[in-house]
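The values are calculated or read from the model by the stated rules, or taken from the named source; none is laboratory data. Remember, predicted model here, so these are calculated numbers, not experimental data. Please note: Cβ atoms are built from the backbone with ideal geometry, for glycine as well, and neighbour counts cover all protein chains shown.
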Amino acid sequence: MKNNDLLQDKQLPSTGISRRSFLKGLTGTAAGIGLSQIFNPALISALEKGLENHPVLWIQGQGCTGCSVSLLNSVEPTIKTILLDIISLQYHPTVMACEGETALENMYRVAKEYKGKFSLVVEGSIPLAANGKYCICGEMNHKEITMLDLTKELGEMAGSVLAVGTCAAYGGIPAAEGNLTQATGVTGVFEKFEIKTPVVNIPGCPPHPDWIVGSIAHLLTKGIPELDENGRPLLFFGENIHENCPYLEYFDEDIYSKTFTMKKGCRMEIGCKGPDTYADCFRRKWNSGMNWCVENAVCIGCVEPGFPDSSSPFYESA
């Protein structure tokens, strides 16, 4: 199936959302300023013509729920607009009121009804050991349903999959050295079980809300975005942190910070992993554009495969 087939299905209900209000929200606020950088005229035109109320199932495995919290911190568009108007969020263990078999039955009903036409969002890593029993997501008909079961079954039925957060993308902290669960990311599961559904990795610990919303907007209007070799949208993960760092001039002059409070000096000697990290944090910033990691401490490379082992110890130079 072509990437855009699931986006152009005319049977999906219209949102009723004001497109110009949505665009104004994207481009007229602090969070929107960051998002507006990914838009070109063609994408804006597509948004103005209308968005489909796209079915989304959001499942959670091994993780801290921080990726959901990050999305909930989206300022404009508001989380209500995102979850109820732009998409049709049919299942999310953290934000939904329903639970138990009733919630699971609805999830499977939506997956079957919109087979090949819904998006699956995966948060948290997936344990492979013990047939997935290190992470039980629920029970139906007196049978335990594991995160591995959900990822395989729903992944095969979905039109696209968003692996939100480094745990879902690459295994993250649950897959760090010493874990007993054989935790892995979505791609690891899909490769093992030969599942062909396209996957977009949106890593970060947690990912910026703009990265999540922007990827959803691109998926709805233009299809799967252009990805790098690690499955990440180049829209957000195509630029090197170090090469765009405000402290780069100090690196060129061999002036290095000795403490976090030292304002003049490159931070490589106190552990900054910016040279090996690709993301637009330096431009987009966090907390509604207020600050970002390097202004407060150092980059710990949380968007990269192998995190946290590959960037540990965080506060020592590589």
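When THR166 is tested against (1) closer than 18 Å to ASN131 by Cβ; (2) touching a Pro at 6+ places or on another chain (Cβ under 6 Å); (3) of a type in the set (S, T, N, Q), exactly one condition is not met: (1). Of the residues TYR108, TYR134, the single one that is among the aromatic types (Phe, Trp, Tyr), without any contact (Cβ under 8 Å) to a residue 60 or more places away in the chain and not in a strand (DSSP E or B) is TYR108. Residues that are over 27 Å from LEU234 (Cβ atoms) and not charged (D, E, K, R): does segment 152-166 have at least one? Yes, some residue in segment 152-166 is over 27 Å from LEU234 (Cβ atoms) and not charged (D, E, K, R). Of all residues in segment 228-246, those that are crowded, with 17+ Cβ neighbours inside 10 Å and either more than 22 Å from ASN287 (Cβ to Cβ) or touching a helix residue (DSSP H, G or I) at 6+ places or on another chain (Cβ under 7 Å) (or both) total 8. Residues in segment 247-263 that are in contact (Cβ under 8 Å) with a residue 12 or more places away in the chain and surrounded by 11 or more Cβ atoms within 10 Å (Cβ to Cβ): 7 in all.
Contact annotation: residue pairs with Cβ atoms under 8 Å, 6 or more positions apart or on different chains, pairing a residue in segment 212-225 that is surrounded by fewer than 24 Cβ atoms within 10 Å (Cβ to Cβ) with a partner that is acidic (Asp, Glu), are LEU220/GLU52. Mind checking which residues of segment 161-211 are of a type in the set (Ser, Thr, Tyr) and either surrounded by 24 or more Cβ atoms within 10 Å (Cβ to Cβ) or farther than 15 Å from ILE224 by Cβ (or both)? The answer is THR166, TYR170, THR181, THR184. Looking only at residues of segment 294-311 that are more than 20 Å from LEU235 (Cα to Cα) and among the hydrophobic types (A, V, I, L, M, F, W, C), we find that the one that is surrounded by the fewest Cβ atoms within 10 Å (Cβ to Cβ) is ALA297.
Between SER215, SER257, SER288, the distinction of being over 22 Å from VAL69 (Cα atoms) and of a type in the set (Gly, Ala, Ser) belongs to SER257 only. For the condition modelled with pLDDT of 90 or more, part of a strand (DSSP E or B) and closer than 23 Å to GLY204 by Cα, LEU148 does not qualify. Being assigned by TED's automatic domain parsing to the domain that holds MET157, at pLDDT 85 or above and over 22 Å from VAL186 (Cβ atoms) holds for only one residue in GLU123, GLU101, and it is GLU101. Mind checking which residues of segment 264-285 are out of contact with any helix residue (DSSP H, G or I) (no Cβ under 8 Å at 6 or more places or on another chain) and either among the small types (Gly, Ala, Ser) or under 16 Å from CYS205 (Cβ atoms) (or both)? Hit for segment 264-285 is GLY271, nothing else.
Scanning segment 157-178 for residues that are out of contact with any Phe, Trp or Tyr (no Cβ under 8 Å at 6 or more places or on another chain), among the acidic types (Asp, Glu) and either farther than 25 Å from GLU105 by Cα or outside any helix (DSSP H, G or I) (or both) turns up at least one hit. Give segment 215-224 a look and list any residue that's part of a helix (DSSP H, G or I) and more than 19 Å from CYS302 (Cα to Cα), or say none. Within segment 215-224, ILE216, ALA217, HIS218, LEU219, LEU220, THR221, LYS222 qualify. Within segment 296-315, being in a loop (DSSP other than H, G, I, E, B) and either touching a helix residue (DSSP H, G or I) at 6+ places or on another chain (Cβ under 8 Å) or under 24 Å from GLY214 (Cβ atoms) (or both) holds for VAL298, CYS299, ILE300, GLY301, CYS302, VAL303, GLU304, PRO305, GLY306, PHE307, PRO308, TYR315.
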